[in-house]
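The values are calculated or read from the model by the stated rules, or taken from the named source; none is laboratory data. Predicted model, so just to flag it, every value in this text is computed and none were measured. Reconstructed Cβ throughout: ideal geometry from the backbone, glycine too, with neighbour counts over all protein chains shown.
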Amino acid sequence: MLRSYHRRVRIVLASRSPRRSTLLRDAGYDIEVSPADIDEHQFRNESPRTYVSRLAADKATTVAQRYPEQIVIGADTVVVLNDVVFGKPIDRNEAVGMLAKLSGTTHTVLTGIVVMRASTVFSGIESTKVTFVELTSDRIDWYVSMGESDDKAGAYAAQGVGARLIERIDGSYTNVVGLPMALVDRFVGKLDKTI
């Protein structure tokens, strides 16, 4: 029985995120990256939870059509403050604006996740509270100038220099990085009984 925990499970990741790939590989999964090309805009009046759930499902189902016998993971992560979604900044000015709004606040990192194989689907949402220190405009400019804000929900990376912006994390750290690994492992375990 113990030996089965060491078997590498094959996963298809429906994401370009290098952070998600790293988390899965570090956890011992054998992964193939196959990004889904979907429309990621948020619908008018769509709640943050519904939004991340929809995108995760769209990513997983799109890629699962190409890999019908494989375990496919779709995920989407956003930062939420006062019901406003902070996705990936489109430019430096948007990154600066996001970080200024997050300064000194407690915000939520939401990840919608879908793990599926064929017609068997498990889905969920992980929610983590993150509290930022007070950030001066100079500190925000310094951080954004490093380039770490690019392609990150909320314009920061908890696993990098952005850790210096964080006072406290309540909940899953890996969720803040981009993939709640305990939830992933639970869903994959249900699909692959040998884990």
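Values as computed for the structure displayed
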{"quantity": "All positions within the stretch 140-157 that are over 22 Å from residue 174 (Cβ atoms) and either at pLDDT below 95 or under 12 Å from the mean Cα position of the chain (by Cα) (or both)", "calculated": "146, 147"}
{"quantity": "Yes/no for residue 104 being assigned to a helix (DSSP H, G or I), surrounded by fewer than 19 Cβ atoms within 10 Å (Cβ to Cβ) and not polar (S, T, N, Q)", "calculated": "no"}
{"quantity": "Matching option when the condition is over 17 Å from residue 15 (Cα atoms) and either at pLDDT below 95 or under 12 Å from the mean Cα position of the chain (by Cα) (or both), among 103, 137, 119", "calculated": "119"}
{"quantity": "Identity of the residue in the stretch 158-184, more than 15 Å from residue 111 (Cα to Cα) and not β-branched (Val, Ile, Thr), that ends up nearest to the chain's Cα centre (by Cα)", "calculated": "159"}
{"quantity": "Checklist (1) free of Cβ contacts under 8 Å to residues at least 60 places away in the same chain; (2) over 14 Å from residue 55 (Cα atoms); (3) not basic (Lys, Arg) applied to residue 79, failing item", "calculated": "(1)"}
{"quantity": "Residue 195, sole failed condition from (1) surrounded by fewer than 21 Cβ atoms within 10 Å (Cβ to Cβ); (2) closer than 28 Å to residue 30 by Cα; (3) modelled with pLDDT of 95 or more; (4) among the hydrophobic types (A, V, I, L, M, F, W, C)", "calculated": "(3)"}
{"quantity": "Selection from the stretch 115-129 of residues that are closer than 24 Å to residue 169 by Cβ, hydrophobic (A, V, I, L, M, F, W, C) and in contact with a Phe, Trp or Tyr (Cβ under 9 Å, 6 or more places away or on another chain)", "calculated": "115"}
{"quantity": "Test: residue in the stretch 82-90 that is free of Cβ contacts under 8 Å to residues at least 24 places away in the same chain and in a strand (DSSP E or B)", "calculated": "yes"}
{"quantity": "Residue under evaluation residue 110, criteria (1) part of a helix (DSSP H, G or I); (2) of a type in the set (A, V, I, L, M); (3) under 29 Å from residue 9 (Cβ atoms); (4) in contact (Cβ under 8 Å) with a residue 60 or more places away in the chain, criterion not met", "calculated": "(1)"}
{"quantity": "Residue that is of a type in the set (Lys, Arg) and within 30 Å of residue 44 (Cα to Cα), where the choices are 139, 117, 92", "calculated": "92"}
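The rows are residues; the columns are (1) modelled with pLDDT of 95 or more; (2) loosely packed, with under 13 Cβ neighbours inside 10 Å; (3) in a helix (DSSP H, G or I); (4) not basic (Lys, Arg).
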| site | (1), (2), (3), (4) |
| --- | --- |
| 38 | no, no, no, yes |
| 42 | no, no, no, yes |
| 45 | no, yes, no, yes |
| 52 | yes, no, yes, yes |
| 58 | yes, no, yes, yes |
| 63 | yes, no, yes, yes |
